[in-house]
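Below: the structure, in structure tokens.
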Amino acid sequence: MATDAFGRRIDYLRISVTDRCNLRCVYCMPPEGVDWKPQADILSFEEIERFARVAADEGISKIRLTGGEPLVRLGIVDHVRRLLETSGIEAIALTTNATLLRRYAADLAEAGLKRINISLDTLDPEVYARVTRGGTLAAALDGIEAAFEAGMDPVKLNVVVVRSLDQDLLGFAKMTIDRPLHIRFIEYMPVGEVGEHSCTSAEADGWSETDHVSTDEILMRVTAEGAAAGLGELGAVERERAPGGWGPARYYRFPGAQGTIGVISPLSHHFCGECNRLRLTADGKLRTCLFSDDELDVRSVLRGGTDADVRALIESALASKPEGHNQQHGTVRRMSQIGG
Ligand code: SAM
Ligand code: SF4
């Protein structure tokens, strides 16, 4: 079992398999886009799998694949299969915008993937096209259907709540009534540039306080709008009955609903004390905190060192993992270059 200097158990590794993406979400990428890393800088699947083997020996048992968009990387299905064959790795999850999921869902499920998180911030096709700078809502919705048809469980929908987007939160909440879909409203986080203008405006200059909505406000709105729409009273779900998760979401449910509504509050309610994770970027840097730009260079150790060197690097990451993020605003990397 791996613990860090503050006694936290670290058993969860998020791996970004690519910095590339087929969308350009306004809150994740700047309007001009980002320069993709050269192919030679990106870890090969073999390198990632070797790292995962050593990390599993060090106590990592859960892996999430993310990006950029993980489904744009060729060979992702067999990568999932091989990671699941790694001794000590108990489960793999994937975070995706789902626009390519129809193509891959059945194969991913056959490879052993069960847990999927789909990112979707609006149910309005025009707004979706604007927010993703060119995406098609129908493709993402079809991806959700493909996940259910492939038998994935749990299927979670991540909704980043951004004030200037004026999202229909009730519309999302209603999706939990008739099917086991778990909506998670996530606070907009100050990753990447920090600016003053809303991310939906022509002057967008990065994360701005004006776009941040606290989960207390989100819950108040969903509770009031749900009651007004006749959905009943939103009640808290006990931890043991919440959809299995590896993170800090708190879950709620409308009476009789098959799915749940979760909230994730990285800013308004710090959960650093429960942090259980490390992050590996596509270009092979290990981050001990989403908000800290201190990184350890895994790539050069993988390319020039032994497994013992890799192990030593993981141990030094555990020793240097900060206690908390102290409301840091802004990071050198954008979210698409970290993986969320
Ligand atoms: N492309 C995949 C996707 O969109 O699901 C995986 C990578 S994406 C960077 C991972 C998650 O980060 C998505 O759910 C996205 O909505 C979220 N995200 C991106 N920027 C964010 C921000 N500033 N605050 C909160 N969540 C953010
Ligand atoms: Fe791509 Fe995901 Fe970022 Fe949107 S949130 S631009 S889909 S990496």
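The values are calculated or read from the model by the stated rules, or taken from the named source; none is laboratory data. Predicted, not measured: the structure shown is a model, and the values here were computed from it. All Cβ positions, even for glycine, are placed from backbone atoms using ideal geometry, and neighbour counts span all protein chains on display. We work out accessible area using only protein heavy atoms, side chains counted, and drop any ligands, DNA or RNA first. Shrake-Rupley method; radii C 1.70, N 1.55, O 1.52, S 1.80 Å.
Computed from phi, the 3J(HN,Hα) profile of region 225-234 under the Karplus parametrisation 6.51, -1.76, 1.60 (θ = phi - 60°) reads 5, x, 5, 5, 8, x, 7, x, 8, 6 Hz, with x in place of Gly and Pro.
Each label point is 7 Å from the Cα along the Cα-to-Cβ direction; what then is the distance between the points at ARG311 and ALA236, in nm? About 4.3 nm, to one decimal.
Label-to-label distance, LEU84 versus GLN328, with points set 7 angstrom from Cα along the beta-carbon direction: 3.5 nm. For the chain, the Cys residues with no second cysteine's beta carbon closer than 4.7 Å are CYS21, CYS199, CYS272, CYS275, CYS289.
Using θ = phi - 60° in the Karplus curve 6.51 cos²θ - 1.76 cosθ + 1.60, the 3J(HN,Hα) couplings for region 70-87 round to x, 7, 7, 8, 5, x, 5, 5, 5, 4, 4, 4, 5, 4, 5, 7, 5, 4 Hz; x is entered for Gly and Pro.
In terms of packing, defined here as the mean over residues of other Cβ atoms within 10 angstrom, the peptides 313-320, 155-162 line up highest first as 155-162, 313-320. For the chain, the longest principal axis of the C-alpha atoms and the axis of helix 45-57 are separated by about 90°. Once the Cα atoms are used to define both axes, helix 101-111 deviates from the longest principal axis of the chain by about 50 degrees. Residues whose amide H falls under 5 Å from that of VAL162, counting only those 5 or more places apart or on a different chain, are GLN167, with hydrogens built in the peptide plane.
Under 10 Å, Cα contacts only: if you run a Gaussian network model on the chain, which one of GLY330, GLY284, GLY244 comes out with the highest mean-square fluctuation? Taking springs between Cα atoms under 10 Å, the residue moving most is GLY244.
Each of the peptides 70-76, 10-16 was scored by the mean count of other Cβ atoms within 10 Å over its residues; in descending order, highest first, they stand as 10-16, 70-76. Over all other residues within a Cβ to Cβ distance under 15 Å of ASP293, the charged ones net out to +1, with Lys and Arg as +1 and Asp and Glu as -1.
Here region 248-324 was treated as a single set of alpha-carbon atoms; its pair distances binned every 5 Å from 0 give 3, 13, 19, 17, 13, 11, 9, 7, 5, 3, 1, 0 percent. Using a Gaussian network model of the chain in which every pair of alpha carbons under 10 angstrom is joined by a spring, one finds that among GLY143, GLY245, GLY259 the greatest mean-square fluctuation is at GLY245. Classify region 111-239 from the C-alpha gyration tensor, please: rounded if a/c falls under 1.5, else prolate or oblate depending on whether a/b exceeds b/c. Cα axes put region 111-239 in the oblate bin. Per-residue ellipticity at 222 nm from helix content only, as computed over the chain with -39500 (n - 2.57) for each DSSP H run of at least four residues, stands at -8000 deg cm²/dmol.
Amide H to amide H distances under 5 Å link SER119 with THR96, ASN97, ALA98, ASN158, where only residues 5 or more positions off or on other chains count and H is placed in the peptide plane. Near ALA236, once Lys and Arg are set to +1 and Asp and Glu to -1 for all other residues with Cβ below 12 Å from its Cβ, the sum equals +2. The share of accessible area on the chain that comes from carbon and sulfur is 49 percent, using a 1.4 angstrom probe.
For the chain, the per residue solvent-accessible surface stands at 41 Å², with DNA, RNA and ligands left out and a 1.4 Å probe. Across every pair of non-identical alpha carbons in the chain, the mean reciprocal distance, once inverted, gives a Kirkwood radius of 20.4 Å.
Of ARG277, ARG241, ARG163, the residue with the greatest mean-square motion in the GNM of the chain, using alpha carbon springs below 10 Å, is ARG241.
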